[in-house]
Amino acid sequence: VTVKPDNGAGMRMSAAEAAQAYAKALGDASAPEADSVVKDSFIRQMRSASAVNAGLSGVTYSQAWSAENVRFVLRTADGGALAFVTLLRDDTYKVKSGLTVSWPEGTPQQAFLSTGISGSGTLKYKHQVLLHLPGGSGKPRAIGQYGGVVAAVQQ
């Protein structure tokens, strides 16, 4: 049975609210929304990758997340729902003069930025995430995801 994205009946929040909360939790571990979703393996993976990039010498790195409008939601037997959520991610690099951020041959990042980033640039990602919103007061969590780089902008 399909569920409207803004219908939170029987769940802690609607799928639309869960998508927004999940994106905010990915963007800021200290955001109030971070406590409203499960710190699942996808969140841990994305925070770990962000920490590695933030640690690059001579580079100022930032990451921004947002959620597209949710279109597909299915009711589960427990009164919860499965929501198909598209998350957008921008990884922005500001590189100190004389340095270049580059990626290994054959990687998706390298395909978009073959000469790397000198100055500043942004890699744009899309992630398709399957969120489980349990019935009752349980917190949403990602149970599957697929995504990658879809564009790059070099300034």
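The values are calculated or read from the model by the stated rules, or taken from the named source; none is laboratory data. Fair warning: this is a prediction, and the values are worked out from it, not measured in the lab. Glycine also receives a Cβ, built like all others from the backbone with ideal geometry; neighbour counts cover every protein chain displayed. Just so you know, the surface numbers come from the protein's heavy atoms only, side chains and all, with ligands and any DNA or RNA stripped out. Shrake-Rupley method; radii C 1.70, N 1.55, O 1.52, S 1.80 Å.
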Practice task
Taking A64 as the residue in question, decide whether it is touching a Gly at 6+ places or on another chain (Cβ under 7 Å) and of a type in the set (A, V, I, L, M, F, W, C).
Solution key: yes
Completion exercise
Across the stretch 6-16, the tally of residues that are buried (at least 21 other Cβ atoms within 10 Å of the Cβ) and not in a strand (DSSP E or B) stands at 2
Completion exercise
With the first residue restricted to the stretch 29-56 and required to be free of Cβ contacts under 8 Å to residues at least 60 places away in the same chain and of a type in the set (D, E), and the second required to be in a helix (DSSP H, G or I) and open to solvent by less than 30 Å² (accessible area, probe 1.4 Å), Cβ contacts under 6 Å at 6 or more apart or on different chains are E33/A21; E33/A25
Completion exercise
Restricting the stretch 30-52 to residues that are in a helix (DSSP H, G or I) and of a type in the set (K, R), the one surrounded by the fewest Cβ atoms within 10 Å (Cβ to Cβ) turns out to be R44
Exercise for the section: Would you check if A67 is within 21 Å of A31 (Cα to Cα) and either open to solvent by 60 Å² or more (accessible area, probe 1.4 Å) or out of contact with any strand residue (DSSP E or B) (no Cβ under 8 Å at 6 or more places or on another chain) (or both)? Expected result: no
Exercise for the section: Kindly indicate which of G80, G135 is within 26 Å of A25 (Cα to Cα), small (G, A, S) and either touching a His at 6+ places or on another chain (Cβ under 8 Å) or at pLDDT below 95 (or both). Expected result: G80
Exercise for the section: Please verify whether the stretch 4-17 includes one or more residues that are free of Cβ contacts under 8 Å to residues at least 40 places away in the same chain, under 18 Å from the mean Cα position of the chain (by Cα) and farther than 17 Å from K124 by Cβ. Expected result: yes
